[in-house]
Amino acid sequence: MLWDEPLAGVDHVTQKLLADVARSLVAQGRTLVMVLHELGPFAEVIDRAIFVQDGRVVPHQHDPSHHDHHEISTGGQTSSDVPHQTDGTGGRLMDWLALAFMQRALLAALITGIAAPAIGTFLVQRRLSLLGDGLGHLAVAGVGLAFLTGAAPLPLAIAVCVIGAVAIELLRESGRAQGDVGLAIIFYGGLAGGLLLAAFAGQGAGALAGYLFGSLLTVGAADLWAIAILGAVVLLVAIGLSPQLFAAPPDEPFARSIGLPVRLLNILVVSLAAVTVTVSMRTVGLLLVSALMVVPVATANQVVIGFRRGLFAAMAFGAVAALAGTVGSYYLNTAPGSLIVVIAIAMFALSWPLARVLQRRHRPIIEVTDDVPPLGHDLTEPHPHVHNENCGHQSLQHAGHVDYIHDGHRHAEHGDHYDEH
C-alpha cells in the first residue's frame, strides 16, 4: 500500500488517527510505503527510512534501541558519522539542519518574515492594518477557483487577490464605499466563495486547511523559487520607493500638488499587500498572515523613532519571529505558522517595558531662551488710499483679520496705519 504525503494539510488529531491506522495495518502483516517530508506520528511505526537529498538515495536500517531516531544520510555520511550537539537525552539538537525540507522551510520563512512587515509598514501608516486579513479571505476564493479549474493555486490566488485589492482601493478613493465596508465584503465574500468553489471541485474544507493555516514544512523547491522571486519584488519596491510611499498618506492633496501620483502609489501598496498575502499562504497561512504584516511593525514603533529605522527594525523583528517559530515547531511538534505569530506577539509584549526604559533614557531636555527681542511691526509706505471691502483691492482672511493685496504687498489695518504681512 502506498501513502503519498499523508500528513500534508492534515491537523494533528487526524495525523494521530492515521498513525493508529498504519500501526494496525502493520500488525496485520501489511507493507506500507509512505512518501513524507517528516516522520511525525509515524516515527514509532516505520522500521526503515530512506533519505533522499540532491538526487541521492541512501537507505538505513532503523535502530530498535532508539525509537525516535532514524539514520539519515547527509551527502554520503550517515548522521552517526557527523558530530552533533546533543540535548542530554540522546537526541541531536542540530539534526534539522541536514533535512532538506527544513532548509526550504527556513528560507521560505525568512523571506516571508522580511517581506510581510516591509509592506505592512505602509498599511499601518494608512490605517489599513486589517487589509491583510481581508485579502487573506479573498485569496481563499482564488485557491477554490484553482481547485475547480485544476490550475496552480498561487497564480490564481495572486490574480484574484490583486483584482479585489485594487477594486476596494478605487471604491474607497471614490467615496462610494468606506474602507471597513470594503473589508467586510472581502471577508465574507472571499471566504464563502472559496469554500463554495472547493465544494464544486469535490474538495472539502480540509483541502483548504493547508492554505488557511500554512503548510511550511511541505514547501517544495518550485514553491521556494516562487516565494523568493515574489518576495524580492515586494522588497525592492517597498524599500526603493519608500520615500514616495511614505509621503502620500499624511496629506494626499499636498502630495498631489507636488506631483506625486497618489492614486498609483496607493494601488501599488494594496497590490503588493495582495502579493505578500498569497506568497505567505504556504508559510503562516491566509488567516494568520495579517499578524506577521502588522505585529512586527507595532513592535518596531515601540522601540525606534523614525520611519526608515522603523521599516528595517520591523523587517528584523519579522525575520527573528519567522526563524524562531520554524525551528521551535520542529522541536515542539507544532504548526509553524501559529508559533511564528505567537512569538511575534510575545516580542511586541516585551517591547512595552523596553520602550518605557528607552523613552526615559533618551527623553530630550530642551532649554528655551529668549535672547532675541520680539520683532516690531513693519509699517507700509504712507499712502492716502483707505482699504475696505469696496475699495477695489482683493481681500483675504488671515489669522482673524483681513489682508488687502496692494501693489504686490499684503496690507493689514492696524490702528491708524497699515502693516506689511
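Computed from the coordinates by the stated procedures, all read-outs in this text should not be read as laboratory data. Remember, it's a predicted structure, so these values are computed and weren't measured experimentally. Because the Cβ atoms are built from the backbone with ideal geometry, glycine has one as well, and the counts that use them run over all protein chains shown.
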Exercise for the section: Compute the FRET efficiency between S24 and W352 as 1/(1 + (r/R0)^6), taking r as their Cβ-Cβ distance and R0 = 51 Å, and round to the nearest 0.05. Expected result: 0.50
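Determine, for M347, M34, the number of other Cβ atoms within 10 Å of each Cβ, and report the residues in order from fewest to most.
Lowest count first: M34, M347.
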Completion exercise
In cubic angstrom per residue, the convex hull of region 219-297 built on its Cα atoms measures 95
Problem - For H137, H37, order by how many other beta-carbon atoms lie within 10 Å, fewest first - result: H37, H137
Practice task
Starting with the highest mean, order 332-338, 110-116 by the number of other Cβ atoms within 10 Å, averaged over the residues of each peptide.
Solution key: 110-116, 332-338
Fill in the blank from the handout: Residues meeting the amide H criterion for A49 (H placed from the backbone, H to H distance under 5 Å, 5 or more places apart or on another chain) are H60, H62
Fill in the blank from the handout: Quick note on C161, C391, ordering by fewest other C-beta atoms within 10 Å, gives C391, C161
Exercise for the section: Obtain the nm distance between the two label points defined at A199 and L241 by a simple spin-label model: each point lies 7 Å from its Cα along the Cα-to-C-beta direction. Expected result: 4.0
Practice task
Provide the per-residue ³J(HN,Hα) series for region 103-120, in order, calculated from phi with Karplus coefficients 6.51, -1.76, 1.60 and θ = phi - 60°, each as a whole number of Hz, with x at glycine and proline positions.
Solution key: 5, 5, 5, 5, 5, 5, 5, 4, 4, 5, x, 8, 6, 4, x, 4, 7, x
